[in-house]
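Peer 1: This is the structure I want to talk about, given as structure tokens.
The values are calculated or read from the model by the stated rules, or taken from the named source; none is laboratory data. For clarity, every value in this text was computed on a predicted model and none was experimentally measured. In this analysis, Cβ positions are derived from the backbone assuming ideal geometry, glycine residues included, and neighbour counts consider all displayed protein chains.
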Amino acid sequence: MPDVVVETRDLCRSFGGGRRLLGGLKPLVRAVDGVSLRVERGRTLGIVGESGCGKSTLARMLVGLLEPSAGTIILDGKPVDERKRENRLDFHRKVQLVFQDPLSSLNPRKTVRQILEAPLQVLLGMSRAERAARVTELMRLVSLRPEFVDRYPHEFSGGQCQRIGIARALAAEPALIVLDEPVSALDVSIQAQVLRLLKDLQQRLGLTYVFISHDLAVVENICDRIAVMYFGKVVEEGSKADIFRRPAHDYTKLLLASVPVPGRRHSQR
Ligand SMILES: Nc1ncnc2c1ncn2[C@@H]1O[C@H](COP(=O)(O)OP(=O)(O)O)[C@@H](O)[C@H]1O
Ligand SMILES: [Mg+2]
């Protein structure tokens, strides 16, 4: 039996659809419409699709920032609703999110130390000394110099800020890390470094990722399996080789046609 970290069953989320104050209905948007996926431990599932197809909505449901309209999320064998009812902190320990915009996802008024210590204190209840040691370890894990830990986010480059975001996600040793367009705001050369770091961390720590991107070339670089989303639905899911060699859905073929061939120069966005 495969060791499944997270599974979604017919997950849905819509927005709007309610009544306006003066009568009439607000338009209903089915942002995520019946998504069933599973991710095995130590693996990376890529979610790819164009802007507005529901990727971030799916990500926010996975990490508990947004309630599903219907369907279930099963995390480490247990429905998330149940988990949250029993122990909300334990749930938040288990799933972490890395955001697209590295700088704005970090509190500008907190030092890196304060940013990294927060989950250690809130989620793990570590003592001051334990936190200090773990913060140093986290900085090393993401290849940042520990002596910079008392600086503020704006003193770092975009790529370094994303490393801080990754360190924060790693802090409480989550079972699942959801990365929502984690390299989309970075230059191509920095993208490659951050992707290498993510792969390296996955190997060393046995991490499980859901990696979201609109960029098929990025997804190809890091994922084992790929799910293609289109208007809130997964139109195709398979191993990387299947998706790239034998795309079944017309939309996937269209996406592939816009990806640079390996060896050729990366196309300009
Ligand atoms: N809070 C919200 N209120 C209303 N509509 C939303 C909200 N969040 C997302 N949507 C809509 O849901 C759809 C999917 O959005 P999103 O999940 O952000 O897509 P993606 O991340 O793939 O670009 C879009 O049509 C978007 O406008
Ligand atoms: Mg998005």
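Peer 1: Restricting to helices (runs of 4 or more DSSP H) lying wholly in the stretch 111-191: which have 3 or more residues that are within 16 Å of ligand 2 (Cβ to nearest atom) and surrounded by 15 or more Cβ atoms within 10 Å (Cβ to Cβ)?
Peer 2: Ranges flagged: none.
Peer 1: I'd like the residue in the stretch 17-33 that is out of contact with any Gly (no Cβ under 7 Å at 6 or more places or on another chain) and small (Gly, Ala, Ser) and, out of all such residues, is surrounded by the most Cβ atoms within 10 Å (Cβ to Cβ).
Peer 2: Only one residue fits best here, namely Gly17.
Peer 1: Of all residues in the stretch 49-68, how many are at pLDDT 95 or above, of a type outside the set (Gly, Ala, Ser) and within 10 Å of ligand 1 (Cβ to nearest atom)?
Peer 2: 7
Peer 1: Of all residues in the stretch 31-73, which are within 16 Å of ligand 2 (Cβ to nearest atom), part of a loop (DSSP other than H, G, I, E, B), touching a Lys or Arg at 6+ places or on another chain (Cβ under 9 Å) and closer than 20 Å to Lys94 by Cα?
Peer 2: Listed by number, the list holds a single entry, Leu66.
Peer 1: When you scan the stretch 205-233, how many residues do you find that are within 14 Å of ligand 1 (Cβ to nearest atom) and either farther than 16 Å from Pro247 by Cα or charged (D, E, K, R) (or both)?
Peer 2: 9
Peer 1: Ok, one more. From Gly42, Gly46, Gly71, which residue is modelled with pLDDT of 95 or more, within 14 Å of ligand 1 (Cβ to nearest atom) and under 17 Å from Glu7 (Cα atoms)?
Peer 2: Answer to the check: Gly46.
Peer 1: Just one of Ser239, Ser189 is more than 21 Å from Leu97 (Cβ to Cβ), touching a strand residue (DSSP E or B) at 6+ places or on another chain (Cβ under 9 Å) and more than 16 Å from ligand 1 (Cβ to nearest atom); which is it?
Peer 2: The match here is Ser239.
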